[in-house]
1. In percent, how large is the relative contact order of segment 7-401, given Cα pairs closer than 8 Å and 6 or more residues apart?
2. Would you mind calculating the gained length between residue 244 and residue 189 on full extension (0.36 nm times residue separation, minus the Cα-Cα distance), in nm to one decimal?
3. Which whole-angstrom value gives the distance between the alpha carbon centres of segment 283-304 and segment 357-405?
4. Quick check on the exposure proxy: order 38, 117 from fewest to most C-beta atoms within 10 angstrom.
5. So what's the angle, to the nearest 10 degrees on a 0 to 90 scale, between helix 216-245 and the longest Cα principal axis of the chain?
6. Between residue 399 and residue 96, what is 0.36 nm times their sequence separation minus the Cα-Cα distance? Round to one decimal in nm.
7. For a footprinting-style exposure proxy, rank 12, 50 by other Cβ within 10 Å, fewest first.
8. Is the shape of segment 102-151 rounded, prolate or oblate, going by the alpha carbon gyration tensor and its root eigenvalues a ≥ b ≥ c, with a/c under 1.5 for rounded and a/b larger than b/c for prolate?
């Protein structure tokens, strides 16, 4: 049992850090509600090509791809500054770049840079969440932080849709939102955390994958995630193209779509957080990925734009589970003292598939059509679900013999 009477897990400190975490998330929603959902649409309406839209969609995955390097460079900093400095720099870069952007590419590049900086902190953030929240309430606390952030995202998406519908200068609107969101990452510095006397030496970025690959269960988990995730991201790349080209969705509808997704995400964080704390993260991740098969299927058969609101709700509910289990799966699977390294390895593989899949989708659209690409993606997503079932069986067999590893 973790000692909660003093130090980082003292009840009063946990409550205080939770409140700071909530406030930082709410302010950060200016970026994630006002900018992220509209960026592919704005790039397309500015005359951006399929490649430029793909670049924007892949932006976060370029960040994941480079996150092992960020984890290594930030490892010498205390956890709180390491977790706060990188997203602060990224949002500042985006705001400055957007102020001067006059072409789709000029707006897309600082957006990519923003995500590279933002996700450099992912290993530090994972280690920090492990240390400031007790095991039996961690997913619940993280879920509630994200519920608050998504409530703010809900408001920001409505405001963003309305503002972008009438403005003639979307990049400058995005720049203002980026500056507001900086306040959230700066506020995160108020988290109180006592650093351990000695922290594990970070693994070299070049040694992360070989280290993780030697763990047979984690290797199978990464393969299953890659198969499913690559197909899912291939399908997701087509969604903004379909919204513009097939459904001719106005910005106001994009705002409603985002708001629907955000509302479902809030419900998802409440639902998944409580269950992860009381059950198996890896099994719940299987249920979550299975549910996501419905989203590309709905885009494939939707007779009207309004059916896509059902896809938005499923996507939002699924995003909550995926966001939480992205952290808690690693905490369940990683050996003692290796959670940050395993997270960096997982983040890297996400970056690989996310950096490639959008461009594969764009290439396939050139030689066939969106409906065929969505059908192929659904088949490979289903294969990823089957591979994930094998991982669940291995993990549960291992944990039946010995307790889950302490990380």
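1. Working: 652 pairs, mean separation 109.3, N = 395.
So the answer I get is 28 percent.
2. On the way: separation 55, 0.36 × 55 = 19.80 nm, distance 3.99 nm.
Gain on extension, residue 244 to residue 189, equals 15.8 nm.
3. If you average the Cα positions of each part, the centres end up 12 Å apart.
4. On the way: 38 25, 117 21.
Taking fewest neighbouring Cβ atoms as first place, the list is 117, 38.
5. On a 0 to 90 degree scale, this one is about 20.
6. So the chain would gain 104.1 nm between residue 399 and residue 96.
7. Values: 12 8, 50 19.
Result, fewest neighbours first: 12, 50.
8. oblate
Each reported figure results from applying straightforward, stated rules to the coordinates on display, with no laboratory input. Keep in mind that this is a model prediction, so the values were computed, not measured. Because the Cβ atoms are built from the backbone with ideal geometry, glycine has one as well, and the counts that use them run over all protein chains shown.
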